[in-house]
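Novice: I have a structure I would like to understand better, so I am pasting it below and will then ask my questions one at a time.
The values are calculated or read from the model by the stated rules, or taken from the named source; none is laboratory data. For clarity, every value in this text was computed on a predicted model and none was experimentally measured. So basically every Cβ, Gly included, is an ideal-geometry build from the backbone, and we count neighbours across all protein chains shown. We work out accessible area using only protein heavy atoms, side chains counted, and drop any ligands, DNA or RNA first. Shrake-Rupley method; radii C 1.70, N 1.55, O 1.52, S 1.80 Å.
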Amino acid sequence: MLEARLSQANLFKKVVDAIKDLVQDCNFDCNDSGINLQAMDNSHVALVSMSLKTDAFTSFRCDRNIALGINLGSLTKVLRAAGNDDVLSLKAEDAPDVVNIVFESSSQDRISEYDIKLMDIDQEHLGIPETDYAAQVTMPAAEFQRICRDLSALSESVAIEVSKDGVKFTCTGDIGSGSVQLRSNTNVENPKESIEIEMTEPVALTFSLKYLVNFCKASGLSDKVKLKLSAEVPLLVEYPLSEGTNSFLQFYLAPKIGDEE
Amino acid sequence: MARTRSKPKASTAKEPTPEPPQSTAKPLPPSTNNPPKVFVLPNNTSPESRIVTLDNPANGAPSRYYFCPSKGFFEFTRIAAPKKDCKSWLITPDRASKDISQDGRANGESAAQEADTAEGLGGGYLTNKADMFLATPIDLLFLILPALAPKAAAKQGDKQYFLSLEDHLDALASLSRQWKVLFSQYPSLKDKVERRMAAVCDTVTAGDETMYRVSSEKLTRVLTRKAERMCAQGLPPSMEERFIKTALEVPIMNVLRSDTFTAAPTPADTPAITDTQTTTTSTLTRTESEISTTTTVASQTTAATSFTSTTDDAAPHSALSTPPEIPHLLRLRTSLTYLTTSYLPPTLRTPITSAPDPDFTPLDTHLAALAKLRAEALALRSISDNISRKRGHDEDEGAAMEREEKKRRKEEEEKKKKSESRAVKQLKKVDTSGMRKLSSFFVKKPVAK
């Protein structure tokens with residue numbers, strides 16, 4: 001039996017919006033610690049990992065581990081029916097055929113209820129080890145989104161270089177080249193605008209911009225984004241969810257290695 | 001042929017037939033890895049009957065035959081329910097015999113034991129396969145043919161030597177050890193072999209010894225006779241349907257031209273043949289046709305495939321009516337092909353099938369004409385956009401279903417593709433060369449449940 005209540009349907013809506021273009025069907029693994037999701041894109045070069053811990057919910061009950069295999073397209077359609085400030089409840093039996101979703105609008109005394117048929121999805125779970133990244137950049141999510149969008153107009157891929165001078169995004173395309181450099185700064189008036197760079201050694205890696213742009217769809221979920229890089233391991237793009245809890249939405253992307261052909 | 005309801009109780013067989021475990025109901029006995037099999041054996045065979053392993057004449061694979069010194073050889077045909085139907089046998093002790101034993105002599109341990117085993121179904125045995133092995137007479141001739149026509153000689157194509165009976169028997173014994181044993185135990189078998197051999201061999205007398213050499217003309221004659229007997233009473237319905245009726249179907253042209261042949265054929269020509277065959281053979285005929293039905297059921301693939309090839313070229317049909325002798329000829333040829341493919345060593349098949357004796361030319365011309373007509377009809381059909389006729393009618397249901405399945409899958413895929421968002425499609429176009437799969441960075445976790 002699963003019963004989870006989110007005070008803001010908006011959060012769930014945005015999470016699903018952010019990943020629905022990366023994966024189409026995936027399992028929401030529910031257990032007593034919360035709702036988790038891990039899925040890879042079709043080419044298996046990117047991975048999305050979401051974790052909504054129990055304290056992100058206003059109430060949460062899950063007696064048994066349940067995997068809810070849901071088509072994200074269908075879920076999006078249903079979530080579209082939710083108002084941003086609605087209270088969202090997820091319910092499912094122990095061996096469910098459907099997941100029941102209820103939106104309650106407190107202001108209008110309106111309750112809408114939907115059932116989504118579940119699917120059996122074979123999914124391989126990857127064990128992601130704790131990694132000490134060589135560099136970690138925290139920046140405003142909107143800034144990262146803008147950089148990715150701007151550079152993607154020029155090229156397919158971007159080189160991200162973290163050095164003691166700051167972080168530099170460089171790309172070269174048919175029409176020319178471009179780069180954006182950010183220095184570490186602390187904005188006292190508006191801490192959301194701060195850029196923090198922690199680095200143990202310089203890192204330079206190249207990534208597919210199309211994928212990064214795709215990840216940036218999660219920008220609405222959080223003010224900040226953390227980029228974590230180490231040589232020859234996937235880039236981790238992390239958006240913290242609902243401030244103060246340990247919930248997060250993470251994207252991993254394999255670096256481009258030796259693609260100068 | 002008699003039907004007995006027995007497992008091979010009396011048979012001295014080495015066929016694995018352990019008696020059912022003698023437990024009474026409560027604890028389920030472990031299943032034997034050598035479960036009893038159900039046999040239908042002929043009645044009144046001599047007590048010395050046994051099951052022997054001899055080479056199958058058609059493919060040389062060792063097969064089991066039931067041998068009775070007085071009645072000759074029987075071949076086993078396995079009759080099985082289709083795989084999907086889960087059926088099984090419940091084998092229980094014979095109630096009648098139990099009653100007798102209890103009424104007759106109620107004393108002694110035999111009765112006690114009997115009562116013990118036979119109580120309710122406790123003494124019974126449940127096999128998980130509902131196979132039944134049916135013993136049907138087989139002509140000794142088929143079994144000795146491989147020895148009469150060794151491969152080497154047939155390959156050269158020129159005449160083989162005349163050999164004495166003993167030499168032939170030696171050849172036979174060299175094929176399978178069990179022949180040797182049979183010959184030494186039952187000398188009468190030699191006479192039987194000689195008699196059957198004489199039927200298909202040219203003979204030469206040298207001194208007081210008769211020498212034999214297999215003659216393909218004689219063999220053809222014998223086989224043709226068998227084939228005629230086989231179709232005298234009509235082929236089994238499944239064969240009739242598959243090889244005769246469909247083969248002779250006249251294609252329906254645009255203007256309806258009804259299939260005229262159905263009315264004419266069978267009853268008219270069969271009596272004539274039965275006359276020549278006379279009564280002595282009638283029982284044999286029946287068993288042979290039985291054999292053929294059962295083998296078709298048991299899906300003996302070799303026979304089935306070879307048939308299709310013959311009927312494929314036989315498939316077509318002439319324009320209007322089928323001449324009355326055609327169905328019989330086709331039946332005869334079908335029977336003959338059946339006999340040669342299932343009972344003759346491959347080396348002997350060609351001379352038989354190409355033998356001039358039963359004249360199949362009218363049949364061939366008729367079938368050729370039919371083929372032409374069919375091709376025309378097909379061509380016409382493909383021109384017209386009549387959807388219901390788009391498929392050739394000879395396609396079987398399996399193919400149709402397969403196509404359906406394919407279509408369904410394709411539609412599903414298409415639907416899925418359509419429902420993909422623009423972003424998903426764009427991601428698909430991303431050049432991922434130089435990017436390793438994530439599974440090469442992270443270890444696969446066993447599915448935690």
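Novice: Name the pairs whose Cβ atoms lie under 6 Å apart, with the first residue in the range A:26-49 and under 17 Å from A:Lys256 (Cα atoms), the second small (Gly, Ala, Ser) and not in a strand (DSSP E or B), and 6 or more positions between them or separate chains?
Specialist: Filtered contacts from the range A:26-49: A:Val45/A:Ala254.
Novice: Tell me whether the range A:223-230 contains one or more residues that are of a type outside the set (D, E, K, R) and within 14 Å of chain B (Cβ to nearest Cβ).
Specialist: Yes, the range A:223-230 contains at least one residue that is of a type outside the set (D, E, K, R) and within 14 Å of chain B (Cβ to nearest Cβ).
Novice: For the structure I just gave you, tell me whether A:Leu212 is closer than 22 Å to A:Glu161 by Cβ and either within 11 Å of chain B (Cβ to nearest Cβ) or not charged (D, E, K, R) (or both). Spell out how you get there, then give the answer.
Specialist: Values: closer than 22 Å to A:Glu161 by Cβ: yes; either within 11 Å of chain B (Cβ to nearest Cβ) or not charged (D, E, K, R) (or both): yes.
Answer is yes for this residue.
Novice: Can you find even one residue in the range A:242-255 that is closer than 21 Å to A:Ser163 by Cα, more than 14 Å from every other protein chain (Cβ to nearest Cβ), open to solvent by less than 40 Å² (accessible area, probe 1.4 Å) and assigned to a strand (DSSP E or B)?
Specialist: no
Novice: Working only within the range A:179-196, note down all residues that are open to solvent by less than 60 Å² (accessible area, probe 1.4 Å) and either among the acidic types (Asp, Glu) or under 21 Å from A:Leu236 (Cα atoms) (or both).
Specialist: A:Val180, A:Leu182, A:Ser194, A:Ile195
Novice: Looking at the range B:376-395, can you tell me whether even one residue there is surrounded by 19 or more Cβ atoms within 10 Å (Cβ to Cβ), at pLDDT 70 or above and part of a helix (DSSP H, G or I)?
Specialist: Within the range B:376-395, one or more residues are surrounded by 19 or more Cβ atoms within 10 Å (Cβ to Cβ), at pLDDT 70 or above and part of a helix (DSSP H, G or I).
Novice: In addition: In contact with a Phe, Trp or Tyr (Cβ under 9 Å, 6 or more places away or on another chain), at pLDDT below 80 and surrounded by 20 or more Cβ atoms within 10 Å (Cβ to Cβ): does that describe B:Leu248? Reasoning before the result, please.
Specialist: Numbers: in contact with a Phe, Trp or Tyr (Cβ under 9 Å, 6 or more places away or on another chain): yes; at pLDDT below 80: yes; surrounded by 20 or more Cβ atoms within 10 Å (Cβ to Cβ): yes.
Against the criterion (in contact with a Phe, Trp or Tyr (Cβ under 9 Å, 6 or more places away or on another chain), at pLDDT below 80 and surrounded by 20 or more Cβ atoms within 10 Å (Cβ to Cβ)), B:Leu248 qualifies.
Novice: Now, a different point. So which residues in the range A:104-129 are open to solvent by 70 Å² or more (accessible area, probe 1.4 Å), among the acidic types (Asp, Glu) and away from every other protein chain (no Cβ under 12 Å)?
Specialist: Matches in the range A:104-129: A:Asp109, A:Glu113, A:Asp115, A:Asp120.
Novice: I would also like to ask the following. Can you tell me which residues in the range A:162-178 are open to solvent by less than 80 Å² (accessible area, probe 1.4 Å) and either within 25 Å of the chain's Cα centre (by Cα) or of a type in the set (A, V, I, L, M, F, W, C) (or both)? Spell out how you get there, then give the answer.
Specialist: As a first pass, look at the range A:162-178 and keep what is open to solvent by less than 80 Å² (accessible area, probe 1.4 Å): A:162-163, A:166-171, A:173, A:176, A:178.
Scanning the range A:162-178 gives A:Val162, A:Gly166, A:Val167, A:Lys168, A:Phe169, A:Thr170, A:Cys171.
Novice: Restrict the check to the range B:168-176 and report whether at least one residue is open to solvent by 20 Å² or more (accessible area, probe 1.4 Å), in contact with a strand residue (DSSP E or B) (Cβ under 7 Å, 6 or more places away or on another chain) and within 30 Å of B:Ile51 (Cβ to Cβ).
Specialist: yes
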